[in-house]
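The values are calculated or read from the model by the stated rules, or taken from the named source; none is laboratory data. Remember, it's a predicted structure, so these values are computed and weren't measured experimentally. With ideal geometry, Cβ positions are generated from the backbone for all residues, glycine too; neighbour counts draw on all protein chains shown. Ligands, DNA and RNA are excluded from the accessible area calculation, which covers all protein heavy atoms including side chains. Shrake-Rupley method; radii C 1.70, N 1.55, O 1.52, S 1.80 Å.
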Amino acid sequence: QPLMVIFEDLHWIDEETQAFLNLLADSIATAKILLLVNYRPEYTHQWGSKTYYTQLRLDPLGKESADEMLSALLGDASELAPLKKLITEKTEGNPFFMEETVQVLLDEGALVRDGGVKLTKPIAELKIPPTVQGILAARIDRLPQDTKDLLQTLAVIGREFPLSLIRSVVSKADGELNRTLSDLQLGEFIYEQPAIGDLEYTFKHALTQEVAYGSVLTERRKILHDQAGQAIESLYREHLDDHLTELAHHFVRGGNPDKAVQYLALAGKQSLGRYALAEAQAQLEKGLESLRTLPESPRRDTSELGLTSDLAEVLWRGKGPSTPETRETVERAAALAEKTGNLAQFIMMLSLIQIRARFSGDYPKVAALADQTLRLAEREGSRASLAVAHYGKVSVHYYDGDLQSAEEFFARWRRYQEAAGSEFRVVALMMAGTCAWILGHTEIARERMAEAIAFARDVKDPLAQVLGGYYEGNLYRLAREPERAAAAIAGAVSLCEEHGMKLGLNLLAIRGWARAQLGAPGEGIALIRQGIAEKIEIGSKLHGAEALICLTEAQALGGMNQDALITIERALEEYPYEVLARPEALTLRGELRHKIGQSKPAEGDFREAIALAQTMGAKMLELRAATSLARLLRDTNRRNEARAMLSEIYHWFTEGFDTADLKDAKALLDGLSG
């Protein structure tokens, strides 16, 4: 059955609901769903380009519709026609303004209900405020003092409020409280609505709450916020996790920095757990702002460490490890951890600084930090710290092309993997899987990759899933399986878009490579260039050679050999420290040179790639370079040399004969033998 979903007043929407709405809007193109939303002109969204989105301007009511509405409010008496005309002119057809104008005239006695509605004053004596806010302020000012006090208190509590909370904040007898609430309902300031186990009220309109809130004196407002916060603490003490944002809001505005910091920290951590990154960042930054109002003390330093560490994690995911904002926050957290003697937290921040240095291309710093982190972790002794430190060592040796050492540290990391954070665990497994594939152990590579994917799926951590998708896609790129690479990357890209994560990975580069391999080189080149531009924007140099290798292959497939040659030269010149990518880049340059008739330089590239791969023990990269060299030797009448050289490396393998590289080598060997 068709379904209609309605969202009103998007100009007041919160971050988490907006994220849900974006996801819904993206997914209903072919669903039997009509999604209706309304909003003021200042609200913006990204749906305008969708073919299934239609925008309708909601103009003020025209004369006929305004007359119809006023007839419903005032009746059809002919003597009220001049009043209706005046109200329509003053309000310019705004329905809420019209309704509130009628209410203010009733409140002040200019209109009375006596069987019908009658005007008690001449039209010329009526004073109608020029704005709806003015109308609401006038109505609130005319309320009896106890009713006005209650309305202001409710405005401080929030847009919606259960009766039990009102009773906890307002010191009135039940009979008097119920009478005053009824008066506010009759005046159409608030509405009663059903709720499970309790009565609940809501303001008729957000502007009503806004104007009532603004009418409260500053000191009284602070007292009421503090009372509301304490009432929520008491009333919901068994379920405070459901009210953290409300508690933080009230204690911030109530001038209670201790409580404000406490609940902002908890709310920020909760939002981080839900991957509401923008909301988490705002809460944690507001917590740090409140903390600065407290005098310096060890307790304040400890609180600041907790807030700053969580903020570092939020920024790492949302802004990327390379941005100045992330760097400053991580370094501040590390300094606080050192100052407070929190060695475990210091180790964690050092690991993030190490990752940031890798993203920035500072490989010597990465190695030094990895050694320091391991020494500290061995001193601190916890499994979590040892897991982080050994992960760092796996990473250093992997990227340096010291694959045997990477395998050794991976074996040590295995002892502590249960204590590793989900993202570290997935990357360690994926990195080790890629390492095994490069070493020529394809079955081990597949086992490790499957273990990482299953773990990422089970923990439901978006960051772990994105990282897993990236490494999976890159392994399929290395294995020359573009369909699988595209599928793995697609999920990672969707998660980044859904959660606003900017990690500086080569997601678009690998997606573009896959598109090029599958017959669309132009589209692939555009995607890769977009990915490289986004990496530059956030300062990420991680896997820079890999991105340029993807671009080189796409350009070559598009017949742009000279452009491809320029691109691969850049990869080799600009990223000499990316040792692991170097044999692949050299082989690719050799193939391009061979293609344009530069046989001697091409042979030099292939032999250099083979020598480097041999020092690394990178059998799969050696095989690829040897296959390319064998083709060149065949084409330059050195078939026997080609067959002997390729046969030696091919027959080293005992598995992986279903991979593209081994199939190519086998086909070439058969041809050389024939």
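Considering all alpha-carbon pairs of the stretch 325-371, what whole percent are spaced by more than 17 angstrom? Please list the in-between numbers first.
Working: 331 of 1081 pairs.
Of all Cα-Cα distances in the stretch 325-371, 31 percent exceed 17 Å.
Which FRET efficiency value, to the nearest 0.05, is calculated for Ser599 and Gln372 with the Förster distance at 51 angstrom and r the Cβ-Cβ distance? Mind dumping the intermediate values first?
Values: r = 48 Å, r/R0 = 0.95.
Given R0 = 51 Å and the Cβ-Cβ separation, E is 0.60.
Given a cut-off of under 8 Å on Cα pairs at least six residues apart, what relative contact order in percent is computed for the chain? Kindly include the intermediate steps, with their values, before the conclusion.
Values: 929 pairs, mean separation 43.8, N = 674.
Worked out over the chain, it gives 7 percent.
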Based on the mean of other beta carbon atoms within 10 Å per residue, what is the order of 131-141, 580-590, 604-614, 115-125, most packed first?
580-590, 604-614, 131-141, 115-125
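Per residue of the chain, what 222 nm ellipticity follows from adding -39500 (n - 2.57) for every DSSP H run with n ≥ 4, rounded to the nearest 500? Working shown, then result.
Working: 32 runs with 464 residues, N = 674.
Value at 222 nm, helices only, nearest 500: -22500 deg cm²/dmol.
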Between Leu24 and Asp198, 0.36 nm times their residue separation minus their Cα-Cα distance comes to what?
59.5 nm
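Would you mind working out the magnitude of the charge dipole of the stretch 605-674 relative to its Cα centre, with +1 at each Lys and Arg C-beta and -1 at each Asp and Glu C-beta, to the nearest 20 Debye? Could you put the intermediate results ahead of the total?
Working: 10 positive and 11 negative charges, 45 e Å.
The calculation lands at about 220 debye.
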Near the amide H of Ile190, under 5 Å away, which other amide H atoms are found, from residues 5 or more places off or on another chain, if H is placed in the peptide plane?
Gln185, Lys204
Spin-label pair Arg607/Lys32, simplified geometry with 7 Å Cα→Cβ offset, distance in nm:
7.2 nm
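Take the cross-link list Lys222/Lys286; Lys460/Lys535; Lys90/Lys148; Lys535/Lys663; Lys148/Lys204 and give me the ones stretching past 24 Å between alpha-carbons.
On the way: Lys222/Lys286 17 Å; Lys460/Lys535 26 Å; Lys90/Lys148 26 Å; Lys535/Lys663 35 Å; Lys148/Lys204 16 Å.
Beyond 24 Å: Lys460/Lys535; Lys90/Lys148; Lys535/Lys663.
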Residues of the stretch 283-304 with amide N under 17 Å of a point placed 7 Å along Cα→Cβ from Asp258:
290-304
How tilted is helix 174-186 with respect to the longest principal axis of the chain? Cα atoms for both, answer in degrees (0 to 90, nearest 10).
90 degrees
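Give me the number: length gained by fully extending Lys222 to Glu569, i.e. 0.36 nm times residue separation minus the C-alpha to C-alpha distance, one decimal in nm.
118.4 nm
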Select one label from (1) 1.01; (2) 1.12; (3) 0.96: the one whose number is Rg/Rh (Cα atoms, Kirkwood Rh) as derived from the coordinates shown.
(2)
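In the chain, what percentage of the DSSP-assigned beta bridges are antiparallel, given to the nearest 5? Could you put the intermediate results ahead of the total?
Details: 13 of 18 bridges.
Once the DSSP bridges in the chain are tallied, antiparallel ones form about 70 percent.
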Nearest-0.05 FRET efficiency for Val112 and Ser171 at R0 = 35 Å, using Cβ-Cβ distance, is 0.50
With Rg from the Cα atoms and Rh as the Kirkwood inverse mean 1/r over Cα pairs, the stretch 22-112 has an Rg/Rh of 1.18
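As an exercise, identify the GluC sites (Glu not before Pro) in the stretch 537-583 lying in DSSP coil whose Cβ has no more than 13 other Cβ atoms within 10 Å. Each step should come with its number before you reach the end.
On the way: sites: Glu537, Glu546, Glu553, Glu569, Glu573, Glu574, Glu578; in loops: Glu578.
Qualifying residues, ordered by number: none.
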To make sure I understand the rule: partners must be aspartates and glutamates, Cα under 13 Å from the Cα of Lys63, and not fewer than 8 residues away in the same chain. Which ones qualify?
Glu89, Glu92
Mind jotting down the distance between the C-alpha centroids of the stretch 94-108 and the stretch 509-542, whole Å?
59 Å
Taking only Cα atoms, what is the 0 to 90° angle, nearest 10, from helix 482-499's long axis to the longest principal axis of the chain?
30 degrees
Label-point separation (nm) for Arg415 and Glu648, each offset 7 Å from Cα along Cα-to-Cβ?
3.9 nm
At what distance in angstrom do the alpha carbon centres of the stretch 547-578 and the stretch 181-260 lie from each other?
61 Å
How do Trp437, Trp652 rank by accessible surface area computed with a 1.4 Å probe, from largest to smallest?
Trp652, Trp437
Approximate spin-label separation Asp301-Arg142, in nm, with each point projected 7 Å along Cα-to-Cβ:
6.2 nm
Kindly express, to the nearest 10 degrees and within the range 0 to 90, the angle between helix 95-107's C-alpha long axis and the longest C-alpha principal axis of the chain.
30 degrees
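How long is the gain from Asp362 to Glu380 if the chain were fully straight, where each residue apart is worth 0.36 nm and the alpha carbon distance is subtracted? Walk me through the numbers before you get to the answer.
On the way: separation 18, 0.36 × 18 = 6.48 nm, distance 2.66 nm.
The span from Asp362 to Glu380 would gain 3.8 nm if fully extended.
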Can you list which of the GluC sites (Glu not before Pro) found in the stretch 252-336 are DSSP loop residues with at most 11 other C-beta atoms within 10 Å?
Glu296
